[in-house]
Each structure stands twice: as structure tokens, then as C-alpha cells.
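What follows is a set of notes on a single structure, which appears directly below.
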Amino acid sequence: MVSEQNFIPASYAFSVESGKVCWEAPSNIALVKYWGKKDNQIPANPSVSFTLSQCKTITEISFSKKEYTDDFSFDFLFEGKSKEDFKPKIEQFFKRIKKYLPFLEAYHFVINSQNTFPHSSGIASSASAMAALSLCLMSIERLFTEISEDLFYRKASFLARLGSGSACRSVKGNPVVWGAHKEFNESSDLYGVELPEIHEIFKNYQDTILLVDIGAKEVSSSIGHNLMHNHPYATRRFEQAHENLSTMLSVFQSGDLNKFIEITESEALTLHSMMMTSSPYFILMKPNTLQIINHIWEYRKRTGVPVCFTLDAGANVHVLYPESYITQVMEFIQNSLIKFCHNGQFIADQTGNGAVKKL
Ligand code: PMV
């Protein structure tokens, strides 16, 4: 079994003076949701997600040797502009991961990051950002020591998890399981693992993201996760996630879309039910979120088109459907759902193959 120790490298020399690396990493959308965690970013239950392809973060790191001191030295730029308020998050991330990346205190880094999706669109960027950053750091480590392909991606996902839990599912293509599950031997609480084979119907699965509310969330994910401690329904919820993941694993083989829809929508509503039954309770859905859900149900019933929805920790709605229905569903979205979006905004995305090295 792979343990945390596997990610602590044997000592190596910092043999390179300077250089530059660049990765782009996509966002992901969970189907079976991670909500609740133990210490050290260990999930309370396993989850599975589709990796997206259009919503990405592109991160470039230039590095140069500095005197080895007991601290970190880096600049952070977002879309070319210095972003001081992001620095504490990265500083904290570096502190968490320095045990696994001994070169972090030997170099000065200039980190330059940009997103392909509008910021403050309510689309979580921490998953793609932490995945892209972790992959860049792994590419730097690879300059000092030999690392197998397997270890490279596994450790990148492991590091990304320490930055933001669900980020560990943004390294590889779709679908990715994170969290130990008895029916998927390779699965681990420490990093995400992609499923080897899936049914044709899930290739290029469409995710049209309807932007209902673009403001900052009223309750952050970290607060939400924490409220699962002592939550009256937590134990049963965590068991249910295991059961739903079992079903989802067989759905990915059989292509049974009715089951897929049933589990996906139930998971989305369960996530939000957990929020509504936390203490203190809160609601992240907006009236237009419910309007969209009801219209999707009515349309599916009337036409038989296998379109469904999922939600992340916010008011936006991810509309999911097979690629072959793109014309019909886009027409439905344009005619019936766009009016519920903030300024008519949406993002047409689909499943993708994971992060890509650019430099
Ligand atoms: O990775 P975090 O801490 O942002 O939490 C993500 C939580 C959900 O998006 C609601 C569910 C999930 O599995 O991605």
C-alpha cells in the first residue's frame, strides 16, 4: 500500500541554477460528493468526479537558486499582476508540503497564474489552481532526481490534496476517484486515481455550467466541511457515499444513464441537505437554482432526453448530458434556462483528459 512515506524523496542535490516550467490543469465536478474531512485533508468519504476541459488554470513558475535559509521566497502574480492577498495561502501550502519537496527553501520562485474562466464567476478555481501549481513543483523536482511516471502523477495529486482536497482529482482525466473504496483496490485517501476504462457514453460528456450567482460564497467550503463534525446525519451520509460510489462504479461500466442520473442528482441534493441541516444551518442555492432544477425535470420527463444536474458548494448548476444530445439540450438551455442565469452567462464545458505540461 502506498503511504505518505512514499512521497518523501531520498536526498538529492539542488543541481540546477534556474529554469521555468508551466502546466495547465482543469477544474473538476464531483458526482459523488466529498463533504466532511478528517485531519490533514483526509476525506470522510470517497468521491468521484468528471475532469473538465475548458475551465482551467495555467500556471508558470520561474525559479532561481537562493541562499538556503529556513524560509520561502516567492512572488505570486495572477494574470500578470502581483497578488499579495493570495500569498498567505501559498505560504501555508509550502509549509505543509516542504517535507515532501526539500528544494522549496533553496530557490526563489515567481509564480504566474491565470484562469480560462472568468474569476468571481462562482466556479471554484482552487482545484485547478492547486493541481497546476503541484504539477509545476513536481516538474521542478524531476530536474533533480529520477521520478517514474506513476509516482510523478500520484505525488502531484497528493500535494494538490494538501492544498485543496478536491484538487487531487484535477490531475488526471476522467473520472477520478479520491478516497479508499472497497471495490476499487487502487483507490486511496491520499490522492486521486483515474478509472481505467469507462463506457463510451461518458466520453466527452457535456457539462454546461449555468452561472446563477457570481458573488463570493456566503459560507466557505472549509467551514462547510467542518460542520460535518458532530452533524446529526454524518455517519449515515458517509455510508451512503460508499454505497453511491459502488453503484457509480458499475454505472461507468454499464452506461446505465437512468442510474447515473438518479445517483448524480441525489448526491447534489444530499450535499445541500447536509448544509441545511448543519448547525449553524445555511443555504447556498438561490431561487433560480430551483427554477433550473424544476425545468430540467420537466424537460426530461416530457422528452426522455437523459439530461440531469449537479451542484457544487454554490448556486450554479452543472447541466450534464451525453455528447450526442448537444443540439437538443443547448436549444433547451437557450430557450428555457438562460433567463435564470446572471446576465445570461454560462460556460460550455465537457469532460477532458487531465492536466497538460506546456513547458
Ligand atoms: O476541495 P474543497 O475543500 O473545495 O471541497 C469541495 C467540496 C465539493 O465541491 C462540494 C464536493 C467535491 O467533492 O468536490
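Data overview
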| item | result |
| --- | --- |
| Neighbour-limited loop hits for chymotrypsin sites (Phe, Trp or Tyr not before Pro), the range 190-256 (at most 14 other Cβ within 10 Å; DSSP other than H, G, I, E, B) | Tyr233 |
| Distance between the range 223-254 and the range 300-320 - C-alpha centres, whole angstrom | 20 Å |
| Alpha carbon Rg of the range 70-197, scaled by the compact-globule rule 2.2 N^0.38 Å | 1.09 |
| The chain: calculated mean residue ellipticity at 222 nm from DSSP helix runs of at least 4, using -39500 (n - 2.57) | -10500 deg cm²/dmol |
| The range 205-350 - percent relative contact order, Cα under 8 Å, separation 6 or more | 45 percent |
| Computed log₁₀ I(q)/I(0) - Debye formula, equal Cα scatterers, no solvent, the range 1-105, q 0.17, 0.21, 0.24 Å⁻¹ | -1.20, -1.39, -1.38 |
| Taking Arg154, Arg169, Arg300 and counting other C-beta atoms within 10 Å, the order from fewest to most | Arg300, Arg154, Arg169 |
| Antiparallel DSSP beta bridges within the chain, percent to nearest 5 | 90 percent |
| FRET efficiency for Glu17 and Lys182, using Cβ-Cβ distance with R0 set to 51 Å, rounded to 0.05 | 0.60 |
| Where the Cα pairs of the chain fall when distances are cut into 20 Å bins, in % | 30, 57, 12, 0 |
| Rule-of-thumb Rg ratio for the range 205-350 [Cα; 2.2 N^0.38 Å; N residues] | 1.08 |
| Cα-derived Rg to Rh of the range 141-294, Kirkwood definition | 0.99 |
| Whether the range 160-247 is rounded, prolate or oblate, judged on the alpha carbon gyration tensor where a/c under 1.5 counts as rounded | oblate |
| Rg over Rh, two decimals, the range 48-115 (C-alpha only, Kirkwood Rh) | 1.03 |
| For the chain: relative contact order, % (alpha-carbon pairs under 8 angstrom, 6 or more apart) | 24 percent |
| Simple label model, 7 Å out from Cα along Cβ direction - Lys98 to Gln54, nm | 4.2 nm |
| Net charge dipole size for the range 4-197 [Lys, Arg +1 and Asp, Glu -1 on Cβ; Debye, nearest 20] | 420 debye |
| Cα→Cβ-extended label distance, 7 Å offset, between Lys65 and Ile223, nm | 4.7 nm |
| Of Gly173, Thr327, Tyr34, farthest towards positive along the dipole that unit charges on Lys, Arg, Asp, Glu beta carbons give the chain | Tyr34 |
| Charge dipole (the range 235-359, unit charges on Cβ, about Cα centre) - positive-most of Gln350, Phe340, Ile263 | Phe340 |
| Length-normalised contact order for the range 267-345 - Cα pairs under 8 Å, 6+ apart - percent | 27 percent |
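Since every read-out is calculated from the coordinates, none of them should be taken as a lab result. Because the structure is predicted, anything quoted here is derived from the model rather than measured. Here the Cβ is made from the backbone with ideal geometry for all residues, glycine too, and neighbour counts use every protein chain on show.
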